[in-house]
Amino acid sequence: MLKIAIIGLDTSHSIAFPRLMQAPDCPEAERVPDLKAVTCLRFETPFQNKEGLDKRQAELETWGVKVTENFDEAISDCDAIMMEINDGAYHLEYFKKVAALGKPVFLDKPLAGSLADGRAILKLMKKHNTRVWSGSSLPFCENFEKTVASFSEIQRGHAYGALGNAPAGDSLIWYGVHTFEMLQSIMGPNPLFVRAVETKSAITTVVEYDNGREGIVETIRGSWFYGGRIQGMAQGQPKMEPFTCDATFAYRDILREIKAFFLGGPAPVGMETTFEGLAMMTAARKSIETGKRVAVPKLSKG
């Protein structure tokens with residue numbers, strides 16, 4: 001039984017993951033055994049006030065989770081750490097606290113609220129040799145993974161998803177991460193340039209890759225559906241296939257990946273890849289502000 005410390009209570013994920021570990025009423029098909037949330041560190045952010053935190057604390061306590069405002073108490077008796085903080089502006093602050101503990105870390109999306117913080121997190125990871133990965137649950141939807149795997153070569157990818165309204169920071173980084181990471185799963189690494197436009201209903205981003213390949217990301221306000229289209233080659237023949245993401249078991253599926261990682265398995269997504277997603281979103285925001293095509297920043301550059 002792996003004992004898990006949850007850092008943060010301002011996101012619904014702080015409830016969703018412990019529920020799958022140990023809630024008595026969790027359906028068997030959704031349960032992920034041999035994990036137990038033992039503690040949760042609570043603190044207010046712009047994403048959740050005291051009343052909301054109190055309600056979440058009460059629910060966690062019914063499942064045997066000790067909720068505390070003391071960091072040392074939160075991490076004193078755990079095997080692994082899940083950083084579940086909605087507000088990316090807090091991620092570097094708390095990663096500094098956990099990076100040197102010698103425990104594996106899952107850093108829930110987004111990686112950080114800014115490129116500078118993202119770079120600092122990766123620098124700390126390397127300095128302390130921290131086992132950490134970060135990402136969205138959407139790329140782990142089974143039908144999406146099967147669609148991507150059915151192509152031998154991909155020329156164009158399109159992903160659409162939600163654009164939530166962040167109480168603080170950049171909404172595109174906070175919620176666009178789901179859709180951008182889907183495009184990353186489709187197109188692979190090394191995006192070169194982006195062009196983005198923001199309207200009342202959406203932010204649409206065109207991403208340029210090498211060899212004339214392109215990707216499109218649509219993040220849509222008020223729409224909570226995820227899907228897209230892939231165009232390329234399969235078995236020597238041209239192929240184009242639409243997909244929708246069935247997120248029914250998305251939390252379960254990513255928690256299974258988290259468990260395997262905590263048990264010593266490789267990270268399913270490298271932190272450099274996660275940083276690249278943050279860089280794409282940052283470039284998209286700059287493109288919106290300038291009206292220009294913007295190069296995707298690299299990890300090693302400013």
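The values are calculated or read from the model by the stated rules, or taken from the named source; none is laboratory data. Here the structure is a predicted model, which is why all the values come from computation and not from measurement. Note that we place each Cβ from the backbone using ideal geometry, even for glycine, and neighbour counts take in every protein chain shown.
Restricting P24, P18, P33, P46 to those that are crowded, with 19+ Cβ neighbours inside 10 Å and at pLDDT 95 or above reduces the list to P18. Among the residues of this structure, F193 does not count as one that is of a type in the set (F, W, Y), in contact (Cβ under 8 Å) with a residue 24 or more places away in the chain and touching a Gly at 6+ places or on another chain (Cβ under 7 Å).
For residues that are of a type in the set (D, E, K, R) and outside any loop (DSSP other than H, G, I, E, B), scanning just region 206-215, find the one that is surrounded by the fewest Cβ atoms within 10 Å (Cβ to Cβ). Spell out the reasoning first.
The initial filter retains those residues of region 206-215 that are of a type in the set (D, E, K, R), namely 208, 210, 213-214.
With outside any loop (DSSP other than H, G, I, E, B) added as a condition, the list becomes 208, 210, 214.
On the way: E208: 16, D210: 9, E214: 14.
This residue is D210.
Residues in region 221-257 that are part of a strand (DSSP E or B) and either touching a helix residue (DSSP H, G or I) at 6+ places or on another chain (Cβ under 7 Å) or small (G, A, S) (or both): G227, G228, I230, G232, A234, E241, F243.
Report yes if C141 is in contact with a Cys (Cβ under 7 Å, 6 or more places away or on another chain) and either under 28 Å from T219 (Cα atoms) or hydrophobic (A, V, I, L, M, F, W, C) (or both), otherwise no. Spelling it out, C141 is indeed in contact with a Cys (Cβ under 7 Å, 6 or more places away or on another chain) and either under 28 Å from T219 (Cα atoms) or hydrophobic (A, V, I, L, M, F, W, C) (or both). In region 52-75, the residue that is surrounded by the fewest Cβ atoms within 10 Å (Cβ to Cβ) out of those that are aliphatic (A, V, I, L, M) and farther than 19 Å from K3 by Cβ is A58. Selection within region 130-188: residues that are basic (K, R) and touching a residue at least 40 places away in the same chain (Cβ under 8 Å). The member of this set that is farthest from Y226 (Cα to Cα) is R131. Set side by side, the residues E272, E218 differ, and just one is closer than 24 Å to G113 by Cβ and assigned to a helix (DSSP H, G or I), which is E272. For region 39-70, filtering for residues that are in contact with a helix residue (DSSP H, G or I) (Cβ under 9 Å, 6 or more places away or on another chain) and outside any loop (DSSP other than H, G, I, E, B) leaves 11.
Among the residues of region 185-205, is there at least one that is closer than 30 Å to I6 by Cβ, aliphatic (A, V, I, L, M) and part of a helix (DSSP H, G or I)? Show your work before the answer.
Filtering region 185-205 down to residues closer than 30 Å to I6 by Cβ leaves 185.
Within this subset, residues satisfying the condition of being aliphatic (A, V, I, L, M) are none.
So far as region 185-205 goes, no, none of its residues is closer than 30 Å to I6 by Cβ, aliphatic (A, V, I, L, M) and part of a helix (DSSP H, G or I).
Kindly evaluate A5 against the criterion of being touching a residue at least 60 places away in the same chain (Cβ under 8 Å), farther than 24 Å from M281 by Cα and either surrounded by 14 or more Cβ atoms within 10 Å (Cβ to Cβ) or assigned by TED's automatic domain parsing to the domain that holds S171 (or both). Criteria met by A5.
Right, G176: crowded, with 17+ Cβ neighbours inside 10 Å, at pLDDT 95 or above and farther than 28 Å from L124 by Cβ or not?
On the way: crowded, with 17+ Cβ neighbours inside 10 Å: yes; at pLDDT 95 or above: yes; farther than 28 Å from L124 by Cβ: no.
No: the conditions fail for G176.
If you go through region 51-88 and keep only what is within 20 Å of K103 (Cβ to Cβ), free of Cβ contacts under 8 Å to residues at least 40 places away in the same chain and among the β-branched types (V, I, T), you end up with just T68.
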